[in-house]
1. Calculate the spin-label point distance for Asp252 paired with Ala264, positioning each point 7 Å from the Cα along the beta-carbon direction, and give it in nanometres.
2. So, for segment 1-45, what is the accessible surface per residue at a probe of 1.4 Å, expressed in square angstrom?
3. How high is the FRET efficiency from Met117 to Glu137, r the C-beta distance, R0 22 Å, rounded to 0.05?
4. Let me know the shape class of segment 82-170, please: from the alpha-carbon gyration tensor, a ≥ b ≥ c as square roots of the eigenvalues, rounded when a/c is under 1.5, otherwise prolate if a/b is greater than b/c, or oblate.
5. Considering the chain as a Gaussian network with a 10 Å cut-off on Cα pairs, which listed residue, Gly24, Gly78, Gly164, attains the greatest mean-square fluctuation?
6. In a Gaussian network model over the chain where Cα atoms closer than 10 Å are linked, find which of Lys195, Lys212, Lys21 has the largest mean-square fluctuation.
7. First check a/c for segment 185-266, with a ≥ b ≥ c the square roots of the eigenvalues of its C-alpha gyration tensor; if it is under 1.5, answer rounded, and if not, answer prolate when a/b is larger than b/c or oblate otherwise.
8. Treat each spin label as a single point 7 Å out from the Cα along the C-beta direction, and report the Leu209 to Ser58 distance in nm.
Amino acid sequence: MQSKQFDEVVVEVKHVSKHYKIAGREDSVKALNDIHLAGDSELLPIRRGEFVMLRGPSGGGKTSLLNLLGTIDRATEGVIELFSNPINVDSTDEYLAKLRLEKIGFVFQTFNLLATMSAFENVELPMIILGKLNEKERKKRAIELLTLVGLQDRLDHLPSELSGGEQQRVTIARALSNAPEILLLDEPTGDLDTKNTVEVMDLLLDLNLKLKTTCIMVTHNPDIECYADRILYIADGVFEKQVFNTEQTRLDYDEYIAYLNSQAGH
Ligand SMILES: Nc1ncnc2c1ncn2[C@@H]1O[C@H](COP(=O)(O)OP(=O)(O)O)[C@@H](O)[C@H]1O
Ligand SMILES: [Mg+2]
């Protein structure tokens, strides 16, 4: 039994719209329209330790929203508050870069590891950039993180010497290197086979429970909704509904394969 308690709000989204201007055209693409996740709405803000999934059709606005939450992009209208700090059109690049480096970890569908660096070096790099730990502390932490994701025997491997699932676990370790408060994941299992999908989701759930890291994850895969506390459905740039899971659960790999085979008519 799980007894998660959600108290502190970490992300509020207040009447946010994102419109992309297209060169040479008058009109713009309205990717997000008046998205609102806040204390005054039925769609609640995101609380510390919550595991939220974003689902919905392709082109619905999921990546646009994740990029705004990660301060990679700026809203056309409205305000995003991260840890009660407002992010808006006036936020400076310097301020946003610091916030990203210290508080946010990113994991994408494509693994985005530096090809000439070992697993260990890829995980150490964000710590070098942040500059808070000395070399000895960094090395210790990189080993701890790679051990946490089950790759203690792969420290010196290059990305090309790792399987897809292993590479994704390195990116998760790298995303955790500066102890972020929020992990943003855009289709992290999109390029993985079933076995690695289950392994990566099990790992993310472990991290979410153990480290209390807030996870906000985009996925196309309805079968992994069971790992979330809450699923937000987004289509045509607006939230359609939210569904709460009373308990986060894991997929049983053997049962899941049997289920997939039955769906496929085997
Ligand atoms: N950089 C961009 N320039 C113009 N249009 C974009 C850009 N990024 C996304 N869009 C458009 O915004 C809409 C939402 O896209 P996106 O957020 O990527 O959706 P999803 O991740 O749900 O598939 C789509 O119509 C897409 O074509
Ligand atoms: Mg997307």
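1. 2.1
2. Values: 2930 Å² over 45 residues.
Spelled out: the 1.4 Å probe surface of segment 1-45, per residue, equals 65 Å².
3. E(calc), rounded to 0.05, equals 0.70.
4. prolate
5. Taking springs between Cα atoms under 10 Å, the residue moving most is Gly24.
6. Among Lys195, Lys212, Lys21, the largest GNM mean-square fluctuation belongs to Lys21.
7. On the way: a/c = 1.73, a/b = 1.23, b/c = 1.40.
Here segment 185-266 falls in the oblate category.
8. So the label points at Leu209 and Ser58 sit 3.5 nm apart.
The values are calculated or read from the model by the stated rules, or taken from the named source; none is laboratory data. This structure is a prediction, so every number in the text was calculated from the model and none was measured. No Cβ is skipped: glycine too gets one built from the backbone with ideal geometry, and neighbour counts run over all protein chains shown. Side chains are part of the model used for accessible areas, which takes the heavy atoms of the whole protein and leaves out ligands, DNA and RNA. Shrake-Rupley method; radii C 1.70, N 1.55, O 1.52, S 1.80 Å.
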